[in-house]
Amino acid sequence: MEANSDTPRDPQSDQRPLDSRPRDLLSREECLEMFRQLYLARYFDVRLIKEKKRGRLRGTLYSSHNQEAIMVGSLYGLKPTDWISPIHRDMPAFFLKDLRGNWDAEERSGMSIEEVCAQVWGRVGSPGRARDNWSHIGSKSKRIIHSTSMLAGTIPVAAGVVYADRSRGGDAVCLTYNGEGSTAQGIFHEAINFAAVHKLPVITIVENNQWAYGTPVSQGSPVTNIADRAKGFGIPGYIADGQDVFDVYDKVTTAVNRARAGEGPSIVECKTFRAYGHGDHDDDRANKYRDPEEIMLGRLRDPIAICRQSLVSKGYLSTEEAELFIAEGKSATDATNDDFPPEVVDFLNKGIEFAVNSPLPEAAEGGMWVFKESN
Ligand SMILES: Cc1ncc(C[n+]2csc(CCOP(=O)(O)OP(=O)(O)O)c2C)c(N)n1
Ligand SMILES: [Mg+2]
């Protein structure tokens, strides 16, 4: 692949050459919007951790800090009719889906920030209505497959969903999100094999953040590049620099275009690093099983900084504009609202206000919807 001169690169990202770069068709406004979406995903993360520290929120939070470029870069090229299946690490994906150009839209093919915040606060008005505070939600109408707790468990579901769509003449693709830990599951292999045999438009995104809870990737996978597993299914395996939103966009959009054209599934491995613990319950213990130097190095290539640098070098941002909001390198404790664009803060404030002013569900609801879904 033609090297991206904008950012320092992991040399392994150049494994599979691209004929063209989808990013070259993005306008200045679209690139700037992707930059804003990175801030939004980061702000969601740091703000919720602050809310919890203040005692305004309960439940476990799974941080996507440092991994935002994977969600933004992969979702930005989708059509509203496409499907996604996020997991625990991808909570912002629920509201980033179909956000492109749609920040003020009443209805779109993604969850509203109000629904997502109500979910986190366990309130009426959320899809889960206090059964969980996190990602075990979905929406048929918004084309988000309900996540299950079983790692890689949504890949076969995604295959079925797009199989059905194809048989009805649709052209939808599905992005499934998975950690590198889930690639050791039997169902990961069965499902991709099935999708490959039937040329189904399923893109398996692997967020390789180097750790599966306390297990390093070297103890979970015999191959250094998870994308190499694609060879066994006879499908493309792309490697993206998961810190570079435009590289993720290039690789995922290439895989999506291919899938939409009927050429079948791909794996896109996004190289990244889990900046904090597995969940916020694991934060304080992180240093016990991860080398502090590894953590320091893993946080160095912040996706916000890398995108900013790229926009400045394209001439899309002046150096003065670029320095207005510095969110990178700041933990939830260090970051303040002034580190984020005001429209990002306002967007999330709307969701939080809705959530905290919504009632908790009635206790009697607890036994409902156990055997049959309501929608
Ligand atoms: C089949 C299965 N085994 C174990 C678990 C428990 N579990 C939940 S998340 C997790 C770690 C997942 O690591 P990875 O897939 O790399 O994703 P990450 O958390 O790093 O984003 C584990 C072991 C599970 N949910 N499903
Ligand atoms: Mg992982």
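Yes/no per residue for (1) under 19 Å from Ser64 (Cβ atoms); (2) out of contact with any strand residue (DSSP E or B) (no Cβ under 8 Å at 6 or more places or on another chain); (3) assigned to a loop (DSSP other than H, G, I, E, B):
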position	(1), (2), (3)
Arg166	no, yes, no
Gly169	no, yes, yes
Ala172	no, no, yes
Gly181	yes, no, no
Ile192	no, no, no
Ala195	no, no, no
Ile203	yes, no, no
Ser218	no, yes, no
Pro222	no, yes, yes
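Flag set for Ile187, criterion: assigned to a helix (DSSP H, G or I), at pLDDT 95 or above and away from ligand 2 (no atom under 13 Å from the Cβ).
Scanning the stretch 12-29 for residues that are at pLDDT 95 or above and touching a Gly at 6+ places or on another chain (Cβ under 8 Å) yields a count of 1. When residues in the stretch 142-163 are screened for being open to solvent by 20 Å² or more (accessible area, probe 1.4 Å), over 23 Å from Arg108 (Cβ atoms) and more than 16 Å from ligand 1 (Cβ to nearest atom), 2 of them pass. Annotation: of all residues in the stretch 327-375 being among the polar types (S, T, N, Q) and assigned to a loop (DSSP other than H, G, I, E, B), the one that is surrounded by the most Cβ atoms within 10 Å (Cβ to Cβ) is Ser358. Residues in the stretch 57-81 that are surrounded by fewer than 24 Cβ atoms within 10 Å (Cβ to Cβ), modelled with pLDDT of 95 or more and charged (D, E, K, R): Lys79 alone. Tallying residues that are touching a helix residue (DSSP H, G or I) at 6+ places or on another chain (Cβ under 9 Å) and either in contact (Cβ under 8 Å) with a residue 40 or more places away in the chain or not small (Gly, Ala, Ser) (or both) within the stretch 308-322 yields 10. Restricting the stretch 169-192 to residues that are surrounded by 18 or more Cβ atoms within 10 Å (Cβ to Cβ) and near ligand 1 (Cβ under 8 Å from one of its atoms), the residue that is farthest from Val256 (Cα to Cα) is Gly181.
All told, Asp90 meets the bar of being of a type outside the set (A, V, I, L, M), at pLDDT 95 or above, within 16 Å of ligand 2 (Cβ to nearest atom) and open to solvent by less than 20 Å² (accessible area, probe 1.4 Å). Can you tell me which residue within the stretch 221-233, out of those that are open to solvent by less than 40 Å² (accessible area, probe 1.4 Å) and of a type outside the set (Val, Ile, Thr), is farthest from Ala184 (Cα to Cα)? Residue satisfying both the conditions and the ranking: Phe233.
Checked against (1) under 19 Å from Tyr62 (Cα atoms); (2) open to solvent by 70 Å² or more (accessible area, probe 1.4 Å), Thr272 passes all but condition (2).
The values are calculated or read from the model by the stated rules, or taken from the named source; none is laboratory data. Quick caveat: nothing in here was measured; it's all calculated off a predicted structure. Virtual Cβ from ideal backbone geometry, glycine too; neighbours counted across all protein chains shown. Accessible surface areas use protein heavy atoms only, side chains included; no ligands, DNA or RNA. Shrake-Rupley method; radii C 1.70, N 1.55, O 1.52, S 1.80 Å.
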